[in-house]
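Before any comments, here is the structure.
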Amino acid sequence: MDEQQEHDLKMAQQPTELEPGSHQRLKALLARKSAISGKSMQSTTFDPIAQAMAQNPGLTRETAEEMARCLGF
């Protein structure tokens, strides 16, 4: 075991004290993040052109539609 692994093991074995209510705050933050992510995913889930535009900032809807027509979609 190298020094980094020994350090990591030592740190993992140390007792940690959480602030009161931190578990509930973490769960609330994760729930809010999940809700926000779900809403943004719903708007583009069934729109492949919107997904392509999100992944390629310079792509316009017109260009994407023209590319799709040329490719037979």
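Of Leu59, Leu30, Leu71, which residue is under 17 Å from the mean Cα position of the chain (by Cα) and modelled with pLDDT of 90 or more? Working first, answer last.
Working: Leu59 fails: under 17 Å from the mean Cα position of the chain (by Cα); Leu71 fails: under 17 Å from the mean Cα position of the chain (by Cα).
Going through Leu59, Leu30, Leu71 in turn, just one is under 17 Å from the mean Cα position of the chain (by Cα) and modelled with pLDDT of 90 or more: Leu30.
Specify which of the listed residues (Leu71, Leu59) is in contact with a helix residue (DSSP H, G or I) (Cβ under 7 Å, 6 or more places away or on another chain) and on the phi < 0 side of the Ramachandran plot.
On the way: Leu71 fails: in contact with a helix residue (DSSP H, G or I) (Cβ under 7 Å, 6 or more places away or on another chain).
Answer to the selection: Leu59.
The values are calculated or read from the model by the stated rules, or taken from the named source; none is laboratory data. Model, not experiment: these values are computed from the prediction. Every residue, glycine among them, receives a Cβ derived from its backbone with ideal geometry; neighbour counts consider all protein chains shown.
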